[in-house]
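Following: one structure in structure tokens, then a few remarks.
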Amino acid sequence: MRDLLLQCAGVVAIAVALIHGILGETKVFPRARIEPERLRTLIRLVWQASTVAWIGGGVLLIAAPWMGSATARHWIVATLACVFGFSAVANAWATRGRHFGWMMLSVVVVLAVAGY
């Protein structure tokens, strides 16, 4: 059951990351006015870097049960609980709780910790 919870956390993390990337490209950046253009490109790339990082975290959560190492499982869960937890708090604060992203990121944290 613990392995399943950890893998569900990974699947949710990947889904959240993909939604984050798609919403950024379709809703946020088309409306954003950022000058100079070079800075716009930088901010867009940083936005997508978090998307890629969250996908990588999701993959690690899915793979952790098959690693055969309690130490690896511990550090993967601890590190990613901090990463997704910080992201959830930052999202809730920045959007004043009006965006569903912080809830989904919190689900990743809860599932990962439950699967620890």
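Any idea how many residues of region 65-77 are farther than 12 Å from Cys8 by Cα and touching a residue at least 24 places away in the same chain (Cβ under 8 Å)?
So the answer is 3.
So is Gly85 touching a residue at least 12 places away in the same chain (Cβ under 8 Å) and either over 15 Å from Asp3 (Cα atoms) or in contact with a strand residue (DSSP E or B) (Cβ under 6 Å, 6 or more places away or on another chain) (or both) or not?
Answer is yes for this residue.
Evaluate the following for Gly68: is it at pLDDT below 90, out of contact with any strand residue (DSSP E or B) (no Cβ under 8 Å at 6 or more places or on another chain), within 17 Å of Arg2 (Cβ to Cβ) and not acidic (Asp, Glu)?
Here the answer is yes, as Gly68 does meet what is asked.
Residue check: is Ala63 more than 10 Å from the chain's Cα centre (by Cα) and more than 14 Å from Tyr116 (Cβ to Cβ)?
Considered against the rule, which asks whether it is more than 10 Å from the chain's Cα centre (by Cα) and more than 14 Å from Tyr116 (Cβ to Cβ), Ala63 comes out as yes.
Does at least one position in region 44-65 carry a residue that is surrounded by 13 or more Cβ atoms within 10 Å (Cβ to Cβ), modelled with pLDDT under 95, β-branched (Val, Ile, Thr) and assigned to a helix (DSSP H, G or I)?
No, there is no match, as no residue in region 44-65 is surrounded by 13 or more Cβ atoms within 10 Å (Cβ to Cβ), modelled with pLDDT under 95, β-branched (Val, Ile, Thr) and assigned to a helix (DSSP H, G or I).
The values are calculated or read from the model by the stated rules, or taken from the named source; none is laboratory data. These numbers come from a predicted model, not from an experiment. Because the Cβ atoms are built from the backbone with ideal geometry, glycine has one as well, and the counts that use them run over all protein chains shown.
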